1. Restricting attention to the stretch A:360-371, and to residues there that are within 14 Å of chain B (Cβ to nearest Cβ) and either in contact (Cβ under 8 Å) with a residue 40 or more places away in the chain or assigned to a loop (DSSP other than H, G, I, E, B) (or both), which single residue is surrounded by the most Cβ atoms within 10 Å (Cβ to Cβ)?
2. If residue A:381 passes every condition in (1) buried (at least 21 other Cβ atoms within 10 Å of the Cβ); (2) at pLDDT below 95 but one, which one does it miss?
3. With respect to residue A:208, is the statement that it is closer than 27 Å to residue A:371 by Cα and either part of a helix (DSSP H, G or I) or touching a Pro at 6+ places or on another chain (Cβ under 7 Å) (or both) true?
4. Residues in the stretch A:78-97 that are more than 14 Å from chain B (Cβ to nearest Cβ) and crowded, with 24+ Cβ neighbours inside 10 Å: how many?
5. Has the stretch A:398-407 got any residue that is touching a His at 6+ places or on another chain (Cβ under 7 Å), touching a residue at least 40 places away in the same chain (Cβ under 8 Å), crowded, with 19+ Cβ neighbours inside 10 Å and not assigned by TED's automatic domain parsing to the domain that holds residue A:163?
6. Go through the stretch A:299-323 residue by residue and tally those that are β-branched (Val, Ile, Thr) and away from chain B (no Cβ under 12 Å).
7. Could you tell me which residue of the stretch B:241-280 is surrounded by the fewest Cβ atoms within 10 Å (Cβ to Cβ), considering only residues that are part of a strand (DSSP E or B) and among the β-branched types (Val, Ile, Thr)?
Amino acid sequence: MNGLVMKSTVPITLTFLFGFFLLFVNVSELSAQQPAANQSAKPSVDARIGYLRAYEPQLALSVLDIPPRDEGVAGANVAISDNNTTGKFLGQQFTLDVTETKFNADVVPAFKEMVARGDRFILADVSAKQLLSIADIAKDAGVLLFNIGATDDILREEECRPNVFHTAPTRSMLADGLAQYLVWKQWRKWVLLYGSHENDKLYADAVRRAASRFGATIVEERLYEDRGTARRTDSGVVLVQQQMPVFTQNLPEHDVVIVADESEVFGSYVPYRTWTPRPVVGTAGLVASSWHPASEQWGGVQIQSRFAKMTGRRMLSKDMQAWTAARILGEAITRTKSAETKQVEDYIKSDEFSIAAFKGQKLTFRNWNWQLRQPILIGDGHGVVSTSPQAGFLHQFSELDTLGVDRPETKCRLK
Amino acid sequence: MRHHMCLLAAAAALPFLAQPGWANMVYVSNEKGNSITVVDSTSMEVVKTIDVGQRPRGITISPDGKIVYVCASDDDTVQMIDTSTGKIVGTLPSGPDPELFILSPDGKTLYVANENDNLVTVINVETRAVVAEIPVGVEPEGMGVSPDGKTIVNTSETTNMAHFIDTSTHQITDNVLVDSRPRYAQFKPDGSEVWVSAEIGGTVSVIDNKTRAVKHKITFDIQGLRSEQIQPVGIRISADGKKAYVALGPANRVAVINAETYEVEKYVLVGQRVWQLAFMPDGKTIISTNGLSNDITFIDTATDEPIKSVTVGQLPWGVAVAPN
């Protein structure tokens with residue numbers, strides 16, 4: 001068993017199919033009626049974009065936070081539809097090829113099957129470990145990977161790869177975005193509560209790094225051990241109500257409580273239950289992310305309504321990360337009029353490249369590790385509170401490089 | 001009707017014969033204020049505020065100055081305001097989320113960009129009926145019309161194209177790729193070129209209207225500002241075709257460009273988030289809307305110095321000036 005559960009050549013939604021319909025209608029119209037128009041002379045381009053996903057339903061402390069079944073894939077589908085609307089004018093056609101494996105499966109066999117089907121551009125929503133298991137095979141096969149899920153800094157540092165682009169922000173970018181806001185608010189004394197799982201500790205590391213970078217002080221840290229008892233149960237809320245105040249008792253004077261709990265074991269229980277009344281930020285409360293379902297600035301209304309219309313739900317960060325990756329490919333294929341890996345890669349890696357993604361400025365890649373520079377949204381369950389970088393955090397080249405690991409500190413050596 | 005057409009033709013041919021010093025009403029759409037502010041161009045003071053539908057953005061005025069058209073984006077309609085009474089006298093079936101539109105030179109046809117539906121809707125203003133819907137790229141926004149009325153150009157913000165549409169057939173004849181988030185399309189008065197601003201790309205593409213190819217790309221460089229802050233939006237070109245003005249969004253400036261050499265000659269500091277522009281009929285003044293400072297700025301086109309800023313409503317977006 002290779003862990004392959006489901007594979008399909010997606011276009012599932014009606015809108016998507018309709019996009020195809022339009023495409024054929026228009027291409028034939030163009031070539032039939034306007035042979036002289038400059039776009040119809042172009043040869044047609046067939047661009048397959050793969051989507052590799054390691055999936056299992058995730059637990060969350062609040063039922064509102066349980067990720068939707070199509071998280072990420074939905075964003076890629078909307079981008080494919082956008083690319084096809086553009087493509088119909090140029091004789092270009094985009095399709096999405098989705099492959100899903102079990103959460104902790106070996107993804108290599110599934111990946112190899114995608115390559116055998118002809119996928120040369122693959123969006124990967126897999127763990128750091130899984131991504132590294134395919135990165136070098138991908139390189140040998142001439143495949144470009146887009147990491148749309150993993151926030152691990154190591155993928156952009158020690159384990160960076162020349163054929164892996166990252167549209168997901170790193171934990172350090174998220175923590176820096178949050179830290180800049182806290183410092184701008186003059187909330188400089190932090191308490192750090194972190195979970196016992198590996199990813200929680202990595203988030204806590206990013207918070208510690210951000211504190212030292214932006215002049216904040218972590219006055220105390222506390223570890224919350226996952227004993228497997230705190231999850232949502234009938235009596236859980238009652239227990240938690242008594243547990244959280246005690247857990248946050250006798251802390252030194254502090255401005256905010258930062259929770260580092262990506263595993264959703266205790267973090268969402270902290271707000272409103274701390275011993276002293278303090279704002280809660282981090283993975284619960286005020287959260288830093290690449291997108292927010294309520295972001296409407298910078299033309300965001302358009303993508304939000306397009307997404308909602310097509311999927312029936314609001315757009316989440318992973319949807320935006322997948323949308324951005326698939327749009328980057330669309331942009332490169334439109335501009336180069338080619339779906340050849342070499343041309344597409346050269347264009348994305350050139351100075352000419354930039355992408356608009358409803359964040360108020362053009363986004364570009366850091367050419368030392370192929371991480372997408374991007375503003376970080378700071379929001380709660382209700383709306384966007386702020387966007388980092390904050391005013392006054394200056395940088396020699398790009399203010400966006402005040403978020404995350406910058407060129408002089410990078411451990412990435414691209415070969 | 002024929003008589004009316006002749007008058008219009010005469011007015012179009014001799015735009016500068018009007019006496020200077022005439023007071024013209026300036027109509028400003030306030031995106032968040034859900035209102036139109038009316039400013040007297042001579043006194044440069046607010047004379048009236050008209051409540052309109054939700055999220056008014058695109059605004060234009062009929063050639064005879066009698067009707068102001070406003071895109072009430074969130075109400076999915078175009079509202080018509082009688083300029084003599086300041087009352088809303090009708091609506092046009094614009095299709096969903098109208099953002100920007102352009103009136104044909106004869107004032108009879110309105111072309112509306114429907115941002116959410118990837119369409120341009122063509123409306124007969126007299127019958128108030130939809131004549132055609134033209135599928136375009138993702139997030140259509142900018143609309144320009146050639147002086148002869150035969151061609152319209154629509155820009156689509158995520159597709160990054162300028163679509164050239166033949167107004168007799170309602171078919172797209174050419175698609176020209178430009179830089180990221182094209183916002184606005186403006187023909188030169190002689191019809192030889194179309195200028196298209198790219199908000200995120202930070203450029204203005206000059207498209208040759210004969211070859212339908214980009215012949216020049218104008219870039220901007222302002223000392224002390226990062227390139228990401230320079231986001232070109234509204235464009236106006238003087239009647240003699242010699243000078244162009246480009247609103248630069250969060251750069252808070254209007255660029256003054258020699259429209260023959262494409263050199264940027266000056267940056268005029270106005271207000272925050274400069275969005276759209278409109279000339280006074282005599283061409284001696286140009287007005288900018290400054291969204292975040294909630295004001296408009298009158299700029300003297302002889303000196304290219306700001307004359308005065310006037311506070312209007314919340315988040316001013318577009319501006320139209322009554323003809324003489």
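The values are calculated or read from the model by the stated rules, or taken from the named source; none is laboratory data. Fair warning: this is a prediction, and the values are worked out from it, not measured in the lab. Reconstructed Cβ throughout: ideal geometry from the backbone, glycine too, with neighbour counts over all protein chains shown.
1. My answer is A:361.
2. So the condition that residue A:381 fails would be (1).
3. So residue A:208 fits the description; yes.
4. 1
5. Yes: the stretch A:398-407 contains one or more residues that are touching a His at 6+ places or on another chain (Cβ under 7 Å), touching a residue at least 40 places away in the same chain (Cβ under 8 Å), crowded, with 19+ Cβ neighbours inside 10 Å and not assigned by TED's automatic domain parsing to the domain that holds residue A:163.
6. 1
7. By that ranking, first place goes to B:264.
Let's see how each residue does on (1) buried (at least 24 other Cβ atoms within 10 Å of the Cβ); (2) of a type in the set (Val, Ile, Thr):
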| position | (1), (2) |
| --- | --- |
| B:170 | no, no |
| B:185 | yes, no |
| B:191 | no, no |
| B:200 | yes, yes |
| B:232 | yes, no |
| B:239 | no, no |
